[in-house]
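Just below is one structure, and these are the notes that go with it.
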Amino acid sequence: MTGPLSTAQIREKYLQFFQSKGHLHLPSYSTVAPDPTTLFTVAGMQPFKEQFMGAPAVFDGVASKRVTTAQKCVRVGDIENVGRTRRHLSLFEMMGNFSFGDYFKRDAIHWAWEFLTGAEWMGMDGSKLYVTIYEDDDEAFMYWTQEIGIDPSHVHRFGADENFWPADAPKEGPNGPCGPCSEIFYDRGPKYGDDSWADYAVTRESARFLEIWNLVFPQFDRQEPLADGTPVLRDLPFKNIDTGMGLERVASVVQDVPDFYSNDVFLPIVTRVAELSGQPYEGEVSVSHRVVAEHIRSVSMVIADGSVPSNTGRGYVVRKILRRACRHAYLLGLREPSLFKLVPIVVDRMGDAYPELRENLAKVEATVKAEEESFLRTLEGGIQRLGKLMSGMERGATLSGNDAFVLYDTYGFPVDLTKEIAEEYGISVDEAGYAESLENAQNLARAGSKYGKSELFGGNMEALDGLSPTVFVGYDDLQADGEVVALVGAGERLTHLSAGSEATVVLSRTPFYAEGGGEVGDTGRIEWDGGAGIVRDTRKTPQGVFLHDVLIESGELKEGLSVRAVVSGERQAIQRHHTATHLLQSALRAVLGSGVQQKGSLVAADRLRFDFSHGAALSADEIAAVETLVSRWVSANFAVTWQEMPIADAKAAGATALFGEKYGETVRVVRVGGSVEYAGQTVSSMELCGGAHVTRTGDIGAFVILSDENVAA
Ligand code: SER
């Protein structure tokens with residue numbers, strides 16, 4: 001018995017086919033975009049822009065002008081349609097074959113046809129295939145109709161808005177390689193729609209005619225247009241091929257399933273969502289199954305690639321996708337973190353093709369779960385409040401902008417979420433009113449300070465303009481009293497924060513260590529008369545203003561209030577790991593030689609990681625020697641002291657500094673007050689360091705190396 005090809009088999013066949021045509025198969029590049037034109041990798045060609053422009057086509061030492069990949073791509077421009085329709089995905093796999101000045105249009109067209117219709121490949125019925133071409137591309141028309149033999153009535157010509165890649169590139173950009181394209185469509189038949197191919201020329205939308213492959217002929221380098229707007233296209237030194245076949249789309253055709261969510265990758269995820277929630281995948285709620293299934297797939301991939309939820313840039317998008325999934329899980333009745341339980345299925349379905357998923361399973365689960373926990377707290381309050389506001393409103397009514405603002409201001413409930421929930425009830429949100437309320441609140445809070453956009457903490461560091469550096473007392477004290485100097489939410493100065501909201505709090509004095517030098521930011525609590533909040537992280541600006549990421553538990557926090565700041569007990573564990581990191585560095589240099597250079601580190605409550613340069617993996621003997629050396633320091637229970645001094649003095653005393661790091665005039669030196677012997681050497685520890693440490697080496701306790709890995713790649 002053979003069923004239709006699985007997604008994995010289609011992927012494999014594609015790569016095999018193009019390898020048989022002399023292409024080098026390269027693994028997918030990361031979802032983190034290879035160039036700054038986008039946040040995420042949006043197309044299979046993106047990592048090859050330089051080769052299209054004429055750079056040598058050499059990959060890890062292998063020269064090849066023909067390359068094939070399965071590239072994971074992320075496009076989030078219309079994220080709110082994902083799940084509502086069954087045609088949008090935020091993550092998709094683009095199968096591509098690329099030529100860097102090697103073969104061109106004719107071969108690209110012939111091979112696409114052979115792959116789609118060849119009995120041993122996709123075996124599609126050629127009479128169901130249709131194509132579009134660029135308006136004046138008579139050459140492509142000739143290949144399709146005369147050489148391939150496709151019926152001329154199956155061909156449409158479009159302008160640069162449809163048949164150029166990037167779309168409209170001559171006028172709109174981006175600058176760089178671009179060219180006309182030819183798209184291949186499959187007619188899924190009247191059960192998907194009663195429109196005709198002629199209709200498509202007008203509507204350019206069809207459930208029946210599904211675009212499955214885009215053949216691009218990059219032959220131009222788009223330059224800055226002239227002052228009057230005239231596009232400038234320069235001929236590239238040679239002609240290239242870039243194709244992108246949508247794997248999920250071809251799977252729909254080959255498996256003859258109605259949409260992405262019924263294919264062999266998504267169905268198991270959707271089914272698991274139904275099991276976890278106890279809600280069958282049917283009817284109106286099925287939107288939520290789809291959102292959850294789609295988003296957990298994309299979020300797992302981007303987190304595996306190193307992106308993490310945050311308030312800026314790529315991290316903001318990760319957070320937005322994840323929070324949208326959280327909300328739909330909530331709508332399905334899931335009140336506990338649940339999305340993280342879906343990660344293993346994603347890994348099961350995609351981990352063979354993308355091993356980074358399997359390698360990072362635990363990290364992905366933990367990241368998703370932590371974000372779920374935090375968002376569920378925000379969500380509960382906001383959803384209930386919104387429900388109350390909308391009760392009694394008719395479809396077609398409008399929620400006032402101020403109500404939407406209060407939800408945001410008080411509950412941290414993002415306005416795009418408010419809009420999406422309201423829309424489901426046929427209620428719109430007065431966006432102009434929202435903007436006005438926001439503006440008013442800013443005017444009140446700003447009191448003369450200027451306002452603009454930048455990158456930190458929700459996008460507005462200027463909200464912190466004019467603040468003095470925070471007095472840090474946390475080397476010695478784990479509790480301190482301070483005054484609230486500023487409250488910042490989503491980049492705006494706020495006057496007050498109510499229970500349930502999350503924001504950045506700036507204090508006049510703080511015992512909280514701000515993330516830096518490898519050491520994680522402190523967590524803990526702040527308390528004041530009538531209220532309390534959880535400090536979830538601490539960072540600082542380059543100007544030395546400490547930013548506490550706070551969730552208000554109870555009461556109201558206002559500018560000017562006195563608070564007591566209390567660092568969590570985890571700090572002791574962090575300090576043990578930090579001092580141990582110094583000892584580890586000295587031990588490594590003693591055992592492996594002074595060529596060992598620190599490249600980075602992570603000092604957290606549960607572990608430390610030390611990154612260093614060294615030509616080879618450590619032998620078991622070397623690891624044992626390093627452990628023994630550190631243990632000797634620990635049992636000697638030496639005092640650990642720190643002191644500020646001019647950098648010249650620190651260097652003269654032989655303190656270890658991080659190569660390439662910029663230090664100020666005055667530095668802090670952390671020193672262990674005694675040395676140990678190793679193979680005739682006297683080994684001591686003195687480092688430039690701003691971190692938090694134990695006061696005696698004996699506090700460190702047991703020291704074990706759990707693993708030693710090569711991370712050069
Ligand atoms: N770059 C083209 C696209 O993304 C073909 O790979 O559609």
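Structure summary
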| quantity | calculated |
| --- | --- |
| Net length gained if the chain between residue 358 and residue 681 were fully extended (0.36 nm per residue, minus Cα distance) | 111.9 nm |
| Accessible area expressed per residue, the chain, with surrounding protein chains retained (probe 1.4 Å, Å²) | 44 |
| Tensor-based shape of the range 295-366 (alpha-carbon gyration tensor, a/c under 1.5 rounded, otherwise prolate or oblate) | oblate |
| Shape of the range 1-139, Cα gyration tensor, a/c cut at 1.5 | rounded |
| Those lysines that a straight Cα-Cα span of less than 17 Å connects to residue 599, excepting residues fewer than 8 apart in one chain | 662 |
| Karplus-derived HN-Hα couplings along the range 31-43 (A = 6.51, B = -1.76, C = 1.60, θ = phi - 60°), whole Hz, x at Gly and Pro | 6, 6, 4, x, 9, x, 5, 9, 7, 10, 5, 10, 7 |
| Using a Förster distance of 41 Å, the FRET efficiency for residue 479-residue 400 (Cβ separation, nearest 0.05) | 0.40 |
| Under 18 Å from residue 369, Cα to Cα: lysines that are on another chain or at least 8 residues apart | 320, 341 |
| For the range 609-713, radius of gyration divided by Kirkwood radius, i.e. Rg to Rh on alpha-carbons | 0.98 |
| Heavy atoms of residue 151 accessible to a 1.4 Å probe, total area in Å² rounded to 10 | 80 |
| Mean Cα-pair separation over length for the chain, i.e. relative contact order, pairs under 8 Å, 6 or more apart, % | 7 |
| Whether the range 87-206 is rounded, prolate or oblate, judged on the alpha carbon gyration tensor where a/c under 1.5 counts as rounded | rounded |
| In degrees, nearest ten, helix 286-304 long axis to first principal axis of the chain (Cα) | 60 |
| Diffusion coefficient, µm² s⁻¹, Stokes-Einstein with Kirkwood Rh over alpha-carbon pairs of the range 558-633 at 25 °C and 0.890 mPa s | 171 |
| DSSP-assigned coil residues among GluC sites (Glu not before Pro) in the range 607-698, each with at most 10 further Cβ atoms within 10 Å | 661, 665 |
| Cα-based convex hull, the range 479-545, per residue volume (Å³, whole number) | 102 |
| Given charges at Cβ of Lys, Arg, Asp, Glu: the chain dipole, positive-most of 176, 196, 376 | 376 |
| Structure-based [θ]222 nm, the chain - -39500 (n - 2.57) summed over DSSP H runs of at least 4, per residue, nearest 500 | -10000 deg cm²/dmol |
| Dipole in debye (nearest 20) - the range 170-315, about Cα centre, beta carbon charges: Lys, Arg +1; Asp, Glu -1 | 300 |
| Inverse mean reciprocal Cα-Cα distance (Kirkwood Rh) of the range 4-60, Å | 13.3 |
| The chain: angle of helix 620-636 to the longest principal axis, Cα-based, in degrees nearest 10 | 30 |
| The chain, dipole about Cα centre (Lys/Arg Cβ +1, Asp/Glu Cβ -1), debye to the nearest 20 | 1280 |
| With every protein chain in place, the range 292-341: carbon and sulfur % of accessible area (1.4 Å) | 49 |
| Reduced Cα scattering model of the range 63-126, Debye log10 I(q)/I(0), q = 0.14, 0.25, 0.29 Å⁻¹ | -0.65, -1.00, -1.11 |
| Given charges at Cβ of Lys, Arg, Asp, Glu: the chain dipole, positive-most of 89, 244, 588 | 588 |
| Neighbour cut-off at most 12 other Cβ (10 Å), DSSP loop, GluC sites (Glu not before Pro), the range 360-412 | 394 |
| Global size of the range 391-432 as Cα Rg and Dmax, reported in angstrom | 9.6, 26 |
| Convex hull volume per residue for the range 467-516, taking Cα atoms only, in Å³ | 108 |
| Where Rh is the Kirkwood radius over Cα pairs, Rg/Rh for the chain | 1.01 |
| Candidate lysines for bridging to residue 65, where Cα separation is under 27 Å - those fewer than 8 sequence places away on the same chain excluded | 13, 21, 49, 105, 239 |
| Heavy atoms of residue 607: accessible area, 1.4 Å probe, square angstrom to 10 | 110 |
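The values are calculated or read from the model by the stated rules, or taken from the named source; none is laboratory data. What you are looking at is a predicted structure, and each value in this text was computed from that prediction instead of being measured. No Cβ is skipped: glycine too gets one built from the backbone with ideal geometry, and neighbour counts run over all protein chains shown. Accessible surface is based on the protein model in full, side chains and every heavy atom, while ligands, DNA and RNA are left aside. Shrake-Rupley method; radii C 1.70, N 1.55, O 1.52, S 1.80 Å.
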